[in-house]
1. Taking only C-alpha pairs under 8 Å that are 6+ residues apart, what is the relative contact order of chain A in percent?
2. Express the Stokes-Einstein translational diffusion coefficient of the protein assembly as shown in µm² s⁻¹, to the nearest whole number, given a Kirkwood radius over alpha-carbon pairs, 37 °C and a viscosity of 0.692 mPa s.
3. Using the basic label-point model (7 angstrom from Cα toward the beta carbon), what is the B:N45 to B:Q14 distance in nanometres?
4. Using +1 at the C-beta of Lys and Arg and -1 at the C-beta of Asp and Glu, which of A:Y49, A:L83, A:G107 has the Cα lying farthest in the positive direction of the dipole of chain A?
5. Using only Cα atoms, locate the centre of segment B:45-110 and the centre of segment A:40-87, then give the distance between them in Å, rounded to an integer.
6. For a quick check, take a GNM of chain A with Cα springs below 10 Å and name the residue from A:S51, A:S22, A:S31 with the largest mean-square fluctuation.
7. GNM on chain B, C-alpha springs below 10 Å: top fluctuator among B:L46, B:L13, B:L71?
8. In Å², nearest 100, what accessible area do chains A and B bury in total when the solvent probe is 1.4 Å?
Amino acid sequence: KAGVTQTPRYLIKTRGQQVTLSCSPISGHRSVSWYQQTPGQGLQFLFEYFSETQRNKGNFPGRFSGRQFSNSRSEMNVSTLELGDSALYLCASSSGLTGLSAFFGQGTRLTVV
Amino acid sequence: GIQVEQSPPDLILQEGANSTLRCNFSDSVNNLQWFHQNPWGQLINLFYIPSGTKQNGRLSATTVATERYSLLYISSSQTTDSGVYFCAVERDTGGFKTIFGAGTRLFVKA
């Protein structure tokens with residue numbers, strides 16, 4: 001069974017630009033969650049999608065948005081990039097049912113210059 | 001919201017030593033997991049353990065949900081155990097919002 005795939009692995013963007021990150025979950029998994037990891041703030045929850053609907057959202061500004069497609073693949077978009085958005089962005093896949101564990105992708109490392 | 005505290009923040013071990021990592025959480029949870037983040041950033045799922053005890057090779061974990069803590073035991077540590085260990089909890093609020101602890105950074109010396 002293929003794991004969680006995130007693309008791209010590395011990205012360099014300029015302040016003010018926008019970026020789209022992609023996550024393909026494990027086959028059969030309907031839930032995709034996104035996290036931001038920085039040295040200062042640790043791992044922070046961004047949002048979770050289940051069957052194309054956002055079920056939960058963390059405390060991030062509206063510049064951070066996401067969506068999920070009918071095949072469960074998810075995209076995360078950050079608009080008007082700031083230097084502080086530089087981080088490792090991780091995606092997790094799960095069945096979305098109570099009590100089942102999540103599996104993480106290798107992440108996308110975003111650098112904003 | 002739920003607070004998750006991990007201790008110790010840093011740990012240096014000699015290869016072969018045993019260790020115990022702790023995770024305290026401030027409210028009842030539906031799910032608790034332990035992860036290991038390797039030097040390349042990959043988070044590896046170690047245990048899904050909302051309660052009880054589980055073992056997998058040299059690793060074992062115990063969660064006492066009524067007292068709101070979980071312990072991860074590493075026995076006969078190896079250099080490949082180095083990395084950051086995270087505890088994460090979830091509550092079902094109509095969807096899952098995962099809260100991570102700050103992690104325990106482990107370095108195992110040869």
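The values are calculated or read from the model by the stated rules, or taken from the named source; none is laboratory data. This is a predicted model, so every value here is computed, not measured. Here the Cβ positions follow ideal geometry from the backbone for every residue, glycine too, while neighbour counts run over all protein chains shown. Just the protein is used for accessible areas: all its heavy atoms, side chains included, with ligands, DNA and RNA removed. Shrake-Rupley method; radii C 1.70, N 1.55, O 1.52, S 1.80 Å.
1. 36
2. 183
3. It is 3.7 nm.
4. Checking the options against the dipole of chain A, the answer is A:G107.
5. Computed from Cα coordinates, the inter-centre distance equals 25 Å.
6. Between A:S51, A:S22, A:S31, it is A:S51 that shows the largest mean-square fluctuation.
7. B:L13
8. Numbers: alone 6150 and 6110 Å², together 10560 Å².
Result for this pair: about 1700 Å² buried.
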